[in-house]
Amino acid sequence: MIKAQRGTKDIIGQDTLSWQKIQQNAKEIFQNANYSEIRTPIFEATELFKRGVGDSTDIVNKEMYTFCIGGADKNENSITLRPENTAGVVRAYIEHNISRQSPPQKFWYFGPMFRYERPQAGRQRQFHQIGIELFGAKEASADAEAILIAQEFLGSLGLNNLEVEINTLGCQKCRESYKKAIKEVLKPYIGELCEDCSVRFEKNPLRMLDCKNENCQKVFERDEIKKVVLGDFVCDECKAHFDEVLGYLDVLGVKYNRNKMLVRGLDYYNRTVFEIKSSALGSQSAVCGGGRYDGLVEMLGGTPTPAVGWAMGVERLFELIKKVEPKKLDYFVVSKFPKEALKLCQKLRRKGLSCDFDMQNRKFAKQLEKAAKIANYAIIIGEEELEKGFYTVKDLSCGTQEQRSEI
Ligand code: ATP
Ligand code: MG
């Protein structure tokens with residue numbers, strides 16, 4: 001028997017109702033805040049992710065589903081299933097000259113992402129993300145709105161007590177001095193760090209702090225290293241921006257924790273970065289991750305454009321929310337005359353009422369039994385009803401019956 005691939009899941013039956021609710025709430029909340037939907041392709045040129053996500057990230061180094069169409073040597077045909085959606089949205093933003101419209105331009109998306117990771121609780125190889133991307137506003141109000149929208153969306157799903165962690169990475173300039181300081185203090189410990197971290201030490205030292213390896217985390221917990229990590233490297237401008245963001249969050253009633261260890265896994269972030277977590281999720285506790293990425297549009301060939309966005313893992317949201325109960329149908333047509341039954345269904349469905357009938361034309365009692373299970377009312381079309389032209393409508397919650405000429 002052929003089974004679903006490792007790290008993929010079928011979404012079936014009642015579970016789909018919760019998925020629909022997540023999508024419906026997202027659509028309403030984002031549209032109310034003037035975000036429009038964007039649907040980009042599931043695969044893109046590999047180069048887009050190498051440049052847009054970053055050569056030193058786990059995603060690009062280990063997790064991409066990459067295919068070479070027309071033979072492995074034809075590198076120009078190398079395509080990759082999207083591991084995240086910011087790079088694709090930015091590509092589309094540039095390609096369609098969206099920057100010419102008046103800023104800010106606000107987008108939201110929903111769709112599958114693909115990462116070749118070790119499957120475990122909260123980690124799949126095909127998973128789904130909901131996200132927003134906001135282009136053209138460098139102001140702190142944009143960072144604040146992005147975080148607020150995430151919180152409002154989570155609130156609409158009954159998730160009111162998730163923890164927002166927030167940090168600032170500063171700009172390119174502050175990051176350089178931060179990187180230098182971190183490299184200096186970590187140099188004596190390189191031997192104790194994992195292999196990935198010794199690569200990161202050279203390529204992107206900040207990313208070391210994001211390492212999931214316990215030994216590495218122990219090293220970072222050492223006093224002399226913590227002192228540097230928790231030190232202040234942001235320039236006055238970046239600090240003022242961050243303070244303003246926090247000021248907005250205070251006014252909006254968004255609670256947060258400053259976490260100076262938070263650096264996020266992707267290369268493109270600057271200034272504000274944040275994560276939203278739930279302790280109910282166990283070891284993969286992050287539901288949402290995002291931040292500002294002012295350099296990405298330019299790096300991918302567009303005009304310099306400030307931007308901020310986030311992505312949420314839908315499977316993790318699904319784990320957290322109260323499951324949606326299925327609703328009963330309005331009507332079930334009970335009849336030994338399937339043509340009449342389907343004709344009535346056609347009429348009722350056109351009116352927007354939900355109904356079904358028994359295709360197998362089983363015994364009357366069996367049909368009534370099924371009706372009681374799945375519908376609020378049974379509409380009975382027996383011989384007498386057909387002859388005299390009326391319907392018998394049975395309220396399945398109390399058993400009372402009445403005759404009606406019309407439904
Ligand atoms: P992690 O540190 O857990 O690997 P990440 O930094 O790789 O997270 P992002 O790229 O920021 O995650 O993705 C945003 C959100 O998407 C995560 O917070 C999580 O909810 C979800 N997510 C990421 N990877 C997976 C996966 N493999 N399976 C399910 N959900 C995922
Ligand atoms: Mg990851």
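The values are calculated or read from the model by the stated rules, or taken from the named source; none is laboratory data. Fair warning: this is a prediction, and the values are worked out from it, not measured in the lab. Ideal geometry is used to build each Cβ from the backbone, glycine not excepted, and the neighbour counts take in all protein chains shown.
Kindly indicate which of E44, E37 is among the acidic types (D, E), buried (at least 18 other Cβ atoms within 10 Å of the Cβ), in contact with a Lys or Arg (Cβ under 9 Å, 6 or more places away or on another chain) and assigned by TED's automatic domain parsing to the domain that holds A146.
None of the other options fit; the residue is E44.
I'd like the residue in the range 126-141 that is more than 9 Å from ligand 1 (Cβ to nearest atom) and not hydrophobic (A, V, I, L, M, F, W, C) and, out of all such residues, is surrounded by the most Cβ atoms within 10 Å (Cβ to Cβ).
Among those residues, the one meeting the criterion is E133.
So which residues in the range 324-336 are more than 11 Å from I22 (Cα to Cα) and part of a loop (DSSP other than H, G, I, E, B)?
Those that are more than 11 Å from I22 (Cα to Cα) and part of a loop (DSSP other than H, G, I, E, B): E325, P326, K327, K328, K336.
Filter the range 85-125 down to residues that are within 16 Å of ligand 1 (Cβ to nearest atom), surrounded by fewer than 17 Cβ atoms within 10 Å (Cβ to Cβ) and of a type outside the set (F, W, Y), then give me how many there are.
Qualifying residue count, the range 85-125: 7.
Could you please find all residues in the range 199-214 being assigned to a helix (DSSP H, G or I) and either loosely packed, with under 13 Cβ neighbours inside 10 Å or in the same structural domain as R264 (by TED's automatic domain parsing) (or both)?
Correct list: E202, E214.
Mind checking which residues of the range 255-281 are farther than 21 Å from A307 by Cα and either more than 22 Å from the chain's Cα centre (by Cα) or modelled with pLDDT of 95 or more (or both)?
K255, Y256, N257, R258, N259, K260, M261, K277
What about K347, is it out of contact with any Pro (no Cβ under 9 Å at 6 or more places or on another chain) and at pLDDT below 95?
No; evaluated as a whole, the condition is false for this residue.
Say whether the condition of being touching a helix residue (DSSP H, G or I) at 6+ places or on another chain (Cβ under 7 Å), exposed (fewer than 14 other Cβ atoms within 10 Å of the Cβ) and at pLDDT 90 or above is met by at least one residue in the range 225-248.
So far as the range 225-248 goes, no, none of its residues is touching a helix residue (DSSP H, G or I) at 6+ places or on another chain (Cβ under 7 Å), exposed (fewer than 14 other Cβ atoms within 10 Å of the Cβ) and at pLDDT 90 or above.
Report yes if L317 is more than 31 Å from the chain's Cα centre (by Cα) and either surrounded by 12 or more Cβ atoms within 10 Å (Cβ to Cβ) or part of a helix (DSSP H, G or I) (or both), otherwise no.
no
Quickly run through the range 61-84 and pick out the residues that are within 16 Å of ligand 1 (Cβ to nearest atom) and over 30 Å from S36 (Cβ atoms).
N61, K62 - these are the residues of the range 61-84 that are within 16 Å of ligand 1 (Cβ to nearest atom) and over 30 Å from S36 (Cβ atoms).
Do we find a residue being over 15 Å from the mean Cα position of the chain (by Cα), touching a residue at least 12 places away in the same chain (Cβ under 8 Å) and surrounded by 16 or more Cβ atoms within 10 Å (Cβ to Cβ) anywhere in the range 18-31?
Taking every residue of the range 18-31 in turn, none turns out to be over 15 Å from the mean Cα position of the chain (by Cα), touching a residue at least 12 places away in the same chain (Cβ under 8 Å) and surrounded by 16 or more Cβ atoms within 10 Å (Cβ to Cβ).
Do you know which residues across the range 346-397 are β-branched (V, I, T) and outside any strand (DSSP E or B)?
Residue satisfying the conditions is I374 alone.
Of the residues E383, E402, E406, E340, which is over 30 Å from I11 (Cα atoms), surrounded by 13 or more Cβ atoms within 10 Å (Cβ to Cβ) and of a type in the set (D, E)?
Exactly one residue qualifies, and that residue is E340.
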